[in-house]
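Structure, as structure tokens:
Only the coordinates and a few stated rules stand behind these numbers; no lab work does. Nothing here was measured: the structure is a model prediction, and the numbers come from that model. With ideal geometry, Cβ positions are generated from the backbone for all residues, glycine too; neighbour counts draw on all protein chains shown.
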Amino acid sequence: MAEEQVNTPAVAEDDDFVDPWTVTGKSETGIDYDKLIKRFGSQKIDEEVIQRFEKVTGKKAHRFLRRGIFFSHRDIHNILNLYEAGKKFYLYTGRGPSSESMHIGHMIPFMFTKWLQEVFNVPLIIQLTDDEKVLWRDLKIEDARKMAFNNAKDIIAVGFDPENTFIFNDLDFIGQCPAFYQNMVRIQKCVTYNQVKGIFGFGDSDVIGKITFPSIEAAPAFSTSFPFIFENK
């Protein structure tokens, strides 16, 4: 059986460069967001999307939407359809702890997520990927765990609903939750090295943990990873 080939979007020399770790603009006017939307296959958050959001939720759109700070989406219409039909879903976001404290740029997505939680009144999962920082940086496990716990304090201070929010760090949680690890293995079995190499640009000198890490970050997108929260719901 031939291995599936991954075709990543070609990037011209004069195009902006964006990957999970680096953002580089090639123009004096800044990043060309329309090109990014096309390259990554997402959709623009335009006035029509904002109006539908307001109609379905009965709430005024967040200023980050109205001002174009959050400018692109994938499948937001599906979420609005679920909400409109009274069906259940949850929010999932995260943070790769890279410092003892978080600055305002780190806080922006959490501020927006808090608003989403309030508008939809849904559970929220927050993953702290301290293991990622050990794999990508010259960092000891103990130091990464400490950063995760300190960052968790900053995240809690945003004001999420404590009865509807679960925050965890990978280095402590995964070993305590068999269902989470089982979903990781299911994901790993579905993805080839060629696919992750094409997406993330891994090379022969990258440690093996980097190759398997995407499955850790994907697992929280499945409610079965958290049976103690979502079972029988």
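Look at the dipole of region 108-233 built from charges on Cβ: of Pro109, Ala144, Ser215, the Cα furthest out on the positive end belongs to Ser215. For Thr165, the residues whose amide H sits under 5 Å from its own are Leu124, ignoring neighbours fewer than 5 places away on the same chain, with H placed 1.01 Å from N. About its Cα centre, the dipole of region 14-87 is roughly 480 debye, where the only charges are +1 on Lys and Arg Cβ and -1 on Asp and Glu Cβ.
Taking Lys and Arg as +1 and Asp and Glu as -1, the other residues whose beta-carbon sits under 9 Å from that of Thr129 total -3.
Of the residues Asn169, Asn232, Gly201, the one whose Cα sits farthest toward the positive end of the charge dipole of the chain, with +1 on the Cβ of Lys and Arg and -1 on the Cβ of Asp and Glu, is Asn232. A simple count of charges around His106, restricted to other residues whose Cβ falls under 11 Å of its Cβ and scoring Lys, Arg +1 and Asp, Glu -1, yields 0. Straight-line reach from Lys35: taking Cα to Cα under 24 Å and skipping same-chain neighbours fewer than 8 places apart, the lysines in range are Lys26, Lys44, Lys197. Mean silhouette area of the chain, derived from the convex hull of its C-alpha atoms and averaged over all directions, reads 15.4 nm². Specify which residue in the list Pro123, Trp21, Ser98 is farthest towards the positive end of the charge dipole of the chain, using unit charges on the beta carbon of Lys, Arg (+1) and Asp, Glu (-1), about the Cα centre. Farthest along the dipole direction, towards plus: Pro123. For Asp46 and Leu82, a Förster radius of 25 Å and the Cβ-Cβ distance give a FRET efficiency of 0.75, rounded to the nearest 0.05. Dipole magnitude for the chain: about 780 debye, using +1 per Lys or Arg Cβ and -1 per Asp or Glu Cβ, origin at the Cα centre. Computed from backbone phi with θ = phi - 60° and the Karplus coefficients 6.51, -1.76 and 1.60, the 3J(HN,Hα) list for region 38-52 is 5, 5, 9, x, 9, 10, 6, 7, 9, 4, 5, 5, 4, 5, 5 Hz; x is used for glycine and proline.
In order along region 136-147, the Karplus-derived 3J(HN,Hα) couplings, from 6.51 cos²θ - 1.76 cosθ + 1.60 at θ = phi - 60°, round to 9, 10, 7, 9, 7, 4, 4, 5, 5, 5, 4, 4 Hz, and Gly and Pro are given as x. For region 129-135, backbone phi angles converted through the Karplus equation (6.51, -1.76, 1.60; θ = phi - 60°) give residue-by-residue couplings of 8, 5, 5, 4, 5, 5, 6 Hz, Gly and Pro being listed as x. The alpha-carbon of Lys55 sits under 15 angstrom from the alpha-carbons of these aspartates and glutamates, leaving out residues fewer than 8 places away in its chain: Asp46, Glu47, Glu84. Ranking of Glu84, Glu48, Glu163 by neighbouring Cβ atoms within 10 Å, starting from the fewest: Glu163, Glu48, Glu84.
Cα gyration tensor of region 75-192, axes a ≥ b ≥ c as square roots of the eigenvalues: rounded (a/c below 1.5), prolate (a/b > b/c) or oblate? In terms of gyration-tensor shape, oblate. Using the average count of surrounding beta-carbon atoms within 10 Å as a protection proxy, the listed peptides 89-99, 55-65 rank, highest first, as 89-99, 55-65. Cross-linked pairs Lys210/Lys233; Lys60/Lys114; Lys59/Lys87; Lys114/Lys153: Cα-Cα separations exceed 22 Å for Lys210/Lys233.
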